[in-house]
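To start, the structure itself, in structure tokens.
The values are calculated or read from the model by the stated rules, or taken from the named source; none is laboratory data. Please read these numbers as outputs of a predicted model, since none were measured by experiment. Using ideal geometry, Cβ is built from the backbone for each residue, glycine included, and neighbour counts are taken over all protein chains shown. Heads up: the accessible areas ignore ligands, DNA and RNA and are worked out on the full protein's heavy atoms, side chains in. Shrake-Rupley method; radii C 1.70, N 1.55, O 1.52, S 1.80 Å.
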Amino acid sequence: MTAELQARIEVEGRSPLIIKDTFAGFGFSGGRAPQSLFAQLAAAVNLLTYNSFKPVRINRIDCETHLLPGRQSAEIEAIALDSETYSPGETLKASVYLLPYKGLRQRMPVTLQLPADLPEGTYTAMVCDDLTNVRRQLRDNPNWTNPQNLDQVFGALTVQTSVHRTHLVVRVPLDAAGVALDGNSLPDLPPSMVQMLGSTRKTGAQSMGSALVSRKPTNWVIQGSESARFTVTKNKRIRGQD
């Protein structure tokens, strides 16, 4: 089956947490389906109820589920970049090949805008499902994986509940650009400062990761990931003329 879930958790004094996602696959069928389907909702409520910072009052939970016949999922088979070399500010273009469940292979074009100030070097473009992307996004910020206050608990939950499993994601990880220190996020630091703070145990600082991300809606629940490497250079056009 395929299930569409919409849930709204209203917390006193806070913006509501919204879950709007689609589920399909082996783990969401048979007797295990209800437990798997509502696991994210249960985990969010559990984290709020038993947080170690301040009592939280949940005023209301609304949940609506629609069950659709058939398994509307697709596996990522491959990614092919249109070029192995890009200049800062260009648009990365790629073809992603998907294999729908009991269906024919599909090609989907995807794009990702590269910043004009992107440093030269070698990068990895990963195409993946949005659940994988969000998990990596959480790991990039130590204040979300190990929150130090209630605001950071809600920040982590907002990221977790933003998952859309029908989105095809292109993700390019970048070098650490900040640190988490004493429960505070210090982004956009010079690389030398990140290295200095992160290399000593005395400060307790942890490096914060970042990534370039683009999402594309599809008709399937996306599963899996594939990667391809590319180079960024300011002299791309000159080299192409040599």
Query raised in the report: What is segment 49-185 by shape, rounded, prolate or oblate, if you read a ≥ b ≥ c off the alpha carbon gyration tensor as root eigenvalues and call it rounded for a/c under 1.5, prolate for a/b larger than b/c, and oblate otherwise?
Result: oblate
Query raised in the report: Between residue 46 and residue 6, what is the label-to-label distance in nm when each label sits 7 Å out along the Cα-to-Cβ direction?
Result: 2.7 nm
Requested in this report: Please list, or write none, the aspartates and glutamates whose alpha carbon is within less than 20 Å of the alpha carbon of residue 54, excluding same-chain residues fewer than 8 places away.
Outcome: 10, 12, 151, 182
Query raised in the report: If you add up the charges near residue 77, with Lys and Arg at +1 and Asp and Glu at -1, over every other residue whose beta carbon is less than 12 angstrom from its beta carbon, what do you get?
Result: 0
Query - Gyration tensor verdict on segment 17-126 (Cα atoms; rounded if a/c is under 1.5, prolate if a/b is larger than b/c, oblate otherwise) - result: oblate
Query raised in the report: Between residue 75 and residue 58, what length comes free when the chain is fully extended (0.36 nm per residue of separation minus the Cα-Cα distance, one decimal in nm)?
Result: 2.4 nm
Query raised in the report: Dipole magnitude of segment 1-109 about its Cα centre, charges +1 at Lys/Arg Cβ and -1 at Asp/Glu Cβ only, in debye to the nearest 20?
Result: 340 debye
Query raised in the report: When you take every Cα atom in segment 63-125, what is the radius of gyration, and what is Dmax, the widest Cα pair distance, in Å?
Result: 16.9, 48
Query raised in the report: When Lys and Arg each count +1 and Asp and Glu each count -1, what net charge do the other residues less than 11 Å away from residue 119, Cβ to Cβ, add up to?
Result: -2
Report task. For residue 102, go through the aspartates and glutamates and keep the ones whose alpha-carbon is under 18 Å away, minus same-chain ones fewer than eight residues off. Result -> 75, 77
Requested in this report: Heads up, I need the accessible area for residue 151: 1.4 angstrom probe, whole protein in place, Å², nearest 10.
Outcome: 100 Å²
Query raised in the report: Taking Cα pairs under 8 Å and at least six residues apart, what relative contact order does segment 22-143 come out at, in percent?
Result: 16 percent
